[in-house]
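Encoded as structure tokens, the structure appears first; notes follow it.
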Amino acid sequence: MPVWVVGNLTVFGGFMAGHSKFKNIMYRKGAQDKKRSKVFSKLSKEITVAAKLGAPDPDQNPRLRLAIQEARANNMPKDNIERAIKKSQGGEGESYEEIRYEGFGPGGVGIIVEAMTDNKNRTAGEVRATFTKNGGNLGETGSVSFMFDRVGWLQYPADVADADRILDAAIEAGVDDCVFSDEGHEIYCDPSSLHQVNTAMAAQFDAPQSAKIIWRPQNTVEISGDAAATLFKLLNALEDNDDVQNVYANFDVSDAEIEKLSA
């Protein structure tokens, strides 16, 4: 879920910006604690859906295994995780549908929104209104996603190992790309091999901070000034929606701009 690195947004919900440069949203980290209950709610939803679509045993359900790993990385209590799994088996609660929305924000930034909802009309109306109120516009499916690649993604903190050790292990695991910075290590692979790569890397460096299938931008749009401020307002508003799981955007902003937005 949210890891506030450039994907909650991800991780995490999180959103990806630029070439996954951590700097681009580190300024938002202060909001993490305030949103912890919302983060847990979204993590619970993913766990419930993953368990409902497959086996309730994470050893037999790769998606559930990754969802639980993400929850633990975000310090979600064990009781919450177990309750979310039980909910999937008890026939209680809503039946969620996974939906993707695509649109454009200020400066022509492409945005992908992944949601889980029990009411498509409600969610579509809310997402459309959020775009409109914050300088963007919702587009048709496919209008933005062609500018992104669907990839498996793992994130490790910088102090887990040096870049050479990570790279050697990643090559052995069969990854496609690695990105290193002072803030951390990012590993990209084919979505179909994410679970195998996750297992191989975890065997050497323990579980990553995040491991999921994301939308990675092929190119980025540089923004600044009012456009940057309005874009972050839009991304925050989308992420605040209870039905929205992840938000991705192909923007890049300078360090100076981040400092200005953080002030």
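The values are calculated or read from the model by the stated rules, or taken from the named source; none is laboratory data. The model shown is predicted, which means the values in this text are computed figures rather than measured ones. Don't worry about glycine lacking a Cβ; one is built from the backbone with ideal geometry, like all the others, and counts go over all protein chains shown.
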**OP:** Could you tell me which numbered condition A17 fails, if it satisfies all but one of (1) at pLDDT 85 or above; (2) under 14 Å from the mean Cα position of the chain (by Cα); (3) of a type in the set (G, A, S)?
**Re:** (1)
Original post:
Are any of the residues in segment 216-225 in contact with a helix residue (DSSP H, G or I) (Cβ under 8 Å, 6 or more places away or on another chain), buried (at least 23 other Cβ atoms within 10 Å of the Cβ) and not acidic (D, E)?
Top reply: yes
Subject >> Sole residue being out of contact with any Gly (no Cβ under 6 Å at 6 or more places or on another chain) and either more than 17 Å from E102 (Cα to Cα) or among the β-branched types (V, I, T) (or both), chosen from R216, R165 >> reply: R165
**OP:** Tally the residues that are over 12 Å from F205 (Cβ atoms) and in a loop (DSSP other than H, G, I, E, B), restricting the search to segment 160-190.
**Re:** 7
Original post:
Going through segment 52-83 one residue at a time, which ones are of a type in the set (A, V, I, L, M, F, W, C) and modelled with pLDDT of 90 or more?
Top reply: L64, L66, A67, I68, A71, M76, I81
**OP:** Could you grab the pairs with beta carbons closer than 6 Å, sequence gap of 6+ or different chains, first residue in segment 155-168 and under 11 Å from Q209 (Cβ atoms), second one of a type outside the set (D, E) and assigned to a helix (DSSP H, G or I)?
**Re:** V160/F205
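Could you look through segment 112-138, keep only residues that are acidic (D, E) and not in a loop (DSSP other than H, G, I, E, B), and pick out the one that is surrounded by the fewest Cβ atoms within 10 Å (Cβ to Cβ)? Spell out how you get there, then give the answer.
As a first pass, look at segment 112-138 and keep what is acidic (D, E): 114, 118, 126.
Now drop any that are not not in a loop (DSSP other than H, G, I, E, B), which leaves 114, 126.
Numbers: E114: 17, E126: 19.
Within segment 112-138, the match that is surrounded by the fewest Cβ atoms within 10 Å (Cβ to Cβ) is E114.
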